[in-house]
2 protein chains.
Amino acid sequence: MTPHPFDTAVSLTPLDAAVPGRFAGASSPDYWNMVGPFGGTTAATAMQAVMQHPDRLGEPIALTVNYAAALGPGAFTVLATPVRTNRSTQHWTVSLTQPDAAGADSVVMTATAVTAARRQTWGVNDTPMPAVTPPVAAEKMAFPGGGVEWIKRYEMRPLSGMIPRVWDGSGTDSLSQLWVRDNPPRPLDFSSLAALSDVFFPRVWLRRAKHVPVGTVSMTVHFHADSGQLAECGEGFLLGQARAQAFRHGFFDQTAQLWTESGTLLVTTNQIVYYKE
Amino acid sequence: MTPHPFDTAVSLTPLDAAVPGRFAGASSPDYWNMVGPFGGTTAATAMQAVMQHPDRLGEPIALTVNYAAALGPGAFTVLATPVRTNRSTQHWTVSLTQPDAAGADSVVMTATAVTAARRQTWGVNDTPMPAVTPPVAAEKMAFPGGGVEWIKRYEMRPLSGMIPRVWDGSGTDSLSQLWVRDNPPRPLDFSSLAALSDVFFPRVWLRRAKHVPVGTVSMTVHFHADSGQLAECGEGFLLGQARAQAFRHGFFDQTAQLWTESGTLLVTTNQIVYYKE
């Protein structure tokens, strides 16, 4: 059986028995974007390194990924370190390095993560899923020829705030809603959820209806679900909603949510993105 | 002239000429919370270490602070490292350590930050400040006797979503709005803005009207302003708005904004917080 392209993309091989968090990986051509792989798979790689660490305690609560430089094709090294382990929470630092032109190891991504043993407590979902067309009734987005690879790895069913068809500067707001899942479908896990958190096209393209160069600088994911809730979702669709709060001096933010089809809020996520005038 | 208590709280002394990002600091009794200093000053300490680093490029864009353990009284060490410097952005890792009971250095906080040279670009404030009572017309919050120290270091003028007076489980939502500034007033800078991002009382107290133990696990701050805009704000009030999106399995999130009195969105910030049933 051929592995799912996402599993290939985030596959990590332990490098050193003495340093259990040190892994070898490689950039995925299947998820290639313009000048490097999709940032979502890079975030997923950081998450995966934590998930695969033999000393991990509990499940992810928070992940922040900083994109320090464009990841190139080929091999890279990831190092996940549990810097503090408490009774029920564990704090991680992660770095991804790749040889630069001179062959020296160069930092391409830094991340921090928190994992925790979750407990049953009082709870409430204070951000109900918006009332939208169900996925079966929403039209699948066609992949235009010549598009980037990574977008073909997701089944997207846009509902509102689609990519402008005409770049005429006529944008009025930055809100997008879409149904999304892996393509082909794949059971949800924390790594794929980290990748899905970065699935929205740049808010500045929508807000301005202008196609300017962009790049995510830092993304934070707060996980509200445990592995049981991810298993319930399985290969189902997620409803994604994203909007920006401010565009200024070359950077905009994006605030987003991901719900299961049955309305469970799985993730709240925020990122800050560079844009060029 | 006595220095402002905030300046004393975030004061850092270089420890080692060979490692320009290594500083000595000390927990501030003036900002003491229940079992350690106010998390806002800890975040500000991480920011301050970056701001004081001689090799810093540009101004803060993003800061993520992970609270790994309760910071104790007394001395600590901060290390800020520029792990990647690009043409217009710079990526930082920060750690704060303190000797544990056995005298060994123990990680209390990790952080990452991004600084950048900002440019004039097209921009838009897509989250207008809500229409609220101006600070002069809003009542100053009284400090009940026996309260924690840090809260006295802020002038707060709550507008809505105040701390419940009765803990009767009658909460219905998690939205709070307040005017806030340093007490006594102090010109805004990036470090104080990082601290102000953590000024909201725990959302679970409001949502449940129940006083349960809490602790911020991770906070991310996205800065939308440059130092010129902070200087324009000066000692003025900020409007803070915070709410939660989900409470589940012992953790809730908080999504918040800070505007200047004239309506400039300075910060969007998110945190994930532990709560006990």
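The values are calculated or read from the model by the stated rules, or taken from the named source; none is laboratory data. Note that this is a predicted model, so its numbers are computed, not measured. FYI the Cβ positions are ideal-geometry reconstructions off the backbone, even for glycines, and counts take in every protein chain you see. Accessible surface is based on the protein model in full, side chains and every heavy atom, while ligands, DNA and RNA are left aside. Shrake-Rupley method; radii C 1.70, N 1.55, O 1.52, S 1.80 Å.
For B:Thr2, the stated conditions do not hold, so it cannot be described as in contact with a helix residue (DSSP H, G or I) (Cβ under 8 Å, 6 or more places away or on another chain) and of a type in the set (S, T, N, Q).
A:Val114 falls short on exactly one of the conditions (1) among the hydrophobic types (A, V, I, L, M, F, W, C); (2) within 13 Å of another protein chain (Cβ to nearest Cβ); (3) outside any loop (DSSP other than H, G, I, E, B); (4) open to solvent by 50 Å² or more (accessible area, probe 1.4 Å), and that condition is (4).
Is it fair to say A:Arg165 is crowded, with 18+ Cβ neighbours inside 10 Å and either over 30 Å from B:Asn66 (Cβ atoms) or touching a strand residue (DSSP E or B) at 6+ places or on another chain (Cβ under 7 Å) (or both)? Can you show your working first?
On the way: crowded, with 18+ Cβ neighbours inside 10 Å: no; either over 30 Å from B:Asn66 (Cβ atoms) or touching a strand residue (DSSP E or B) at 6+ places or on another chain (Cβ under 7 Å) (or both): yes.
Judged against the criteria, A:Arg165 is not a match.
Suppose the filter is at pLDDT 95 or above, open to solvent by 40 Å² or more (accessible area, probe 1.4 Å), in a strand (DSSP E or B) and not aliphatic (A, V, I, L, M); does A:Thr81 pass it? Spelling it out, A:Thr81 is indeed at pLDDT 95 or above, open to solvent by 40 Å² or more (accessible area, probe 1.4 Å), in a strand (DSSP E or B) and not aliphatic (A, V, I, L, M).
Only one residue in A:Thr216, A:Thr220 is under 20 Å from A:Glu59 (Cα atoms) and either out of contact with any Lys or Arg (no Cβ under 6 Å at 6 or more places or on another chain) or open to solvent by 30 Å² or more (accessible area, probe 1.4 Å) (or both), so which one is that? Can you show your working first?
Details: A:Thr216 fails: under 20 Å from A:Glu59 (Cα atoms).
None of the other options fit; the residue is A:Thr220.
Contact annotation: residue pairs with Cβ atoms under 7 Å, 6 or more positions apart or on different chains, pairing a residue in the stretch A:152-176 that is hydroxyl-bearing (Ser, Thr, Tyr) with a partner that is open to solvent by 60 Å² or more (accessible area, probe 1.4 Å), are A:Ser160/A:Leu175; A:Ser174/A:Arg243.
Applying the criterion of being in contact with a Ser or Thr (Cβ under 9 Å, 6 or more places away or on another chain) and open to solvent by 40 Å² or more (accessible area, probe 1.4 Å) to the residues of the stretch B:84-99, the residue that is farthest from the other protein chains (Cβ to nearest Cβ) is B:Pro99. Selection of first residues in the stretch A:61-83 that are within 10 Å of another protein chain (Cβ to nearest Cβ) and of second residues that are open to solvent by 40 Å² or more (accessible area, probe 1.4 Å) and of a type in the set (Phe, Trp, Tyr), restricted to Cβ pairs under 9 Å at least 6 apart or on distinct chains, gives the following pairs, ordered by first then second residue: A:Ile61/B:Tyr274. Scanning the stretch A:1-20 for residues that are within 21 Å of the chain's Cα centre (by Cα) and surrounded by 14 or more Cβ atoms within 10 Å (Cβ to Cβ) yields a total of 9. The one condition from (1) within 19 Å of B:Gly36 (Cβ to Cβ); (2) more than 8 Å from chain A (Cβ to nearest Cβ); (3) buried (at least 16 other Cβ atoms within 10 Å of the Cβ) that B:Asp105 does not meet is (3).
In the stretch A:110-122, the residues that are closer than 15 Å to B:Thr220 by Cα reach residues that are among the small types (Gly, Ala, Ser) with C-beta atoms within less than 6 angstrom, at least six apart or across chains, in these pairs: A:Thr110/A:Ser95; A:Ala111/A:Ala46; A:Val114/A:Ala62; A:Val114/B:Ser218. Within this structure, A:Ser176 fails the test of being away from chain B (no Cβ under 14 Å) and over 16 Å from the mean Cα position of the chain (by Cα). Of all residues in the stretch A:57-78, exactly one satisfies the criterion of being under 18 Å from the mean Cα position of the chain (by Cα), outside any strand (DSSP E or B) and closer than 24 Å to A:Thr268 by Cα, namely A:Ala68. If you go through the stretch B:238-259 and pick out every residue that is within 16 Å of the chain's Cα centre (by Cα) and open to solvent by less than 20 Å² (accessible area, probe 1.4 Å), you end up with 11.
The set of residues in the stretch A:125-150 being in contact with a helix residue (DSSP H, G or I) (Cβ under 9 Å, 6 or more places away or on another chain), in a loop (DSSP other than H, G, I, E, B) and surrounded by 17 or more Cβ atoms within 10 Å (Cβ to Cβ) consists of A:Asp126, A:Met141. I'm trying to understand the selection: among the residues of the stretch A:175-193, which are crowded, with 23+ Cβ neighbours inside 10 Å, touching a Leu at 6+ places or on another chain (Cβ under 6 Å) and under 20 Å from A:Pro37 (Cα atoms)? Hits for the stretch A:175-193: nothing passes.
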